[in-house]
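Colleague: Before I ask anything, let me first share the structure, which is written out below as structure tokens.
The values are calculated or read from the model by the stated rules, or taken from the named source; none is laboratory data. The model shown is predicted, which means the values in this text are computed figures rather than measured ones. Here Cβ is always computed from backbone atoms with ideal geometry, including for glycine, and neighbour counts include all displayed protein chains.
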Amino acid sequence: MPTLRLTGRGLWITALIVPPLVFMATFVAWPILSALAYAFFDWQGLQRGGFVGLENFYEVLFTEPFATWTRNAFIHNVIVFLVLMVIQNGFGFLLAYALWRELPGARFHRIAVFLPVVLSTVIVGYLWKLFFHPLFGAVNKTLDAVGLDWLSQPWLGQSSTALGALIFVNAWHWVGFPTLIFLAGMQRIPSDILDAARMETESEWVKITQIVWPLVAPSATVVFILLFIGSFNWFELPYIMQGLDGSPFGSTDVLGLYFYRTAFGNQSAGVMDFGRGSALAVITFLFIAVVAAFWTIRLRRREIQL
């Protein structure tokens, strides 16, 4: 009987583990390995040519016009990450603190803050594309109504404001996620520590910087790493709102858009090129993996020190 129970338990564990492993191998590991293999060959449309070694990597990084396109897209991803780190995560932390302190209407605001997160990116993108319309969009109409008509402009139609508008939409869409993570971390803070802090000072700034922030360091690590990965995998929102070319004039181009039109082609990029596209995908993947691993280890050490 013990042997039968062990066998049954083993079969049950196998039934739970094997399907996810097969799914990950089919839809994650195999595409990554395929992209790595494709990057070392020359491609003529869907037909694979001869082995070219690192030539595709060299062209993407150092040969014009690909080098300029790669650098431009990478810079935009960096800008997206840095701005969202300040706006999205910073505002999310402040919202979490306000909800944690049970300010008036806290229950309603918990739902209101997290509601945009559950909306589809497609819905959010098309909705805000209408809001930013220069003629009948809600943003310019609101500015006109409050006497700030001099601020009305084609937000998505000019290079100076297009990327900022997309970053704002992304922050609006996802600010509820870091808020939820930070709030969960704050709710784990022991009440006796807070009582001791109240006896020492009444300053909210001191409580936030000296008590709350160090104790939510694990939550900050999760939020930081996920935001970094998401910023350099940015594709859906720019594609929906500005198209595959990163309009206007490439001012909203990011690595995700650049990879897609290089690998699968479009009107401006011409025919598809799996070789250069795969090389760009491999470079992006290695960059994200190395930097994310480095900062994860560094931030985990910081948590122990705190």
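Colleague: Which of (1) loosely packed, with under 11 Cβ neighbours inside 10 Å; (2) closer than 30 Å to Q210 by Cα; (3) of a type in the set (S, T, N, Q) is the odd one out, the single condition T26 does not satisfy?
Modeller: Every condition holds for T26 apart from (2).
Colleague: Right, next: Output the qualifying pairs, or none if there are none: Cβ atoms under 6 angstrom, residues six or more apart or on different chains, first residue in the range 204-225 and within 19 Å of P178 (Cα to Cα), second residue of a type in the set (G, A, S) and modelled with pLDDT of 85 or more.
Modeller: Filtered contacts from the range 204-225: V216/G185; S219/G185; I225/A292.
Colleague: For the range 194-250, give me the residue count where each residue is closer than 26 Å to F264 by Cα, in a helix (DSSP H, G or I) and among the charged types (D, E, K, R).
Modeller: Total satisfying the criteria: 1.
Colleague: Could you give every pair whose Cβ atoms fall below 8 Å, whose first residue belongs to the range 60-84 and is in the same structural domain as F168 (by TED's automatic domain parsing), and whose second residue is crowded, with 17+ Cβ neighbours inside 10 Å and of a type in the set (D, E, K, R), counting only separations of at least 6 or pairs across chains?
Modeller: Taking only residues 6 or more apart or on different chains, the pairs are V60/R276; F66/E59; F66/R276; W69/D253; N72/D253; A73/D253; H76/D253.
Colleague: Sticking with this structure for a sec: What is the one condition in (1) touching a Leu at 6+ places or on another chain (Cβ under 6 Å); (2) without any contact (Cβ under 8 Å) to a residue 60 or more places away in the chain that I193 does not satisfy?
Modeller: Going through (1) touching a Leu at 6+ places or on another chain (Cβ under 6 Å); (2) without any contact (Cβ under 8 Å) to a residue 60 or more places away in the chain one by one, I193 breaks only (1).
Colleague: Residue by residue through the range 105-147, note down the ones that are part of a helix (DSSP H, G or I) and not hydrophobic (A, V, I, L, M, F, W, C).
Modeller: R107, H109, R110, P116, T121, G125, Y126, K129, N140, K141, T142, D144
Colleague: Then there's this: Name the pairs whose Cβ atoms lie under 6 Å apart, with the first residue in the range 28-57 and closer than 16 Å to M272 by Cβ, the second of a type in the set (K, R), and 6 or more positions between them or separate chains?
Modeller: F41/R48; N56/R276
Yes or no, residue by residue, for (1) within 21 Å of I87 (Cα to Cα); (2) surrounded by 13 or more Cβ atoms within 10 Å (Cβ to Cβ):
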| site | (1), (2) |
| --- | --- |
| F136 | no, no |
| D149 | no, no |
| S160 | yes, no |
| F168 | yes, yes |
| W174 | yes, yes |
| R198 | no, no |
| E202 | no, no |
| W213 | yes, yes |
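Colleague: I've got another one for you. Determine if the range 68-91 includes at least one residue that is in contact with a Lys or Arg (Cβ under 8 Å, 6 or more places away or on another chain) and closer than 23 Å to W234 by Cα.
Modeller: No, every residue in the range 68-91 fails to be in contact with a Lys or Arg (Cβ under 8 Å, 6 or more places away or on another chain) and closer than 23 Å to W234 by Cα.
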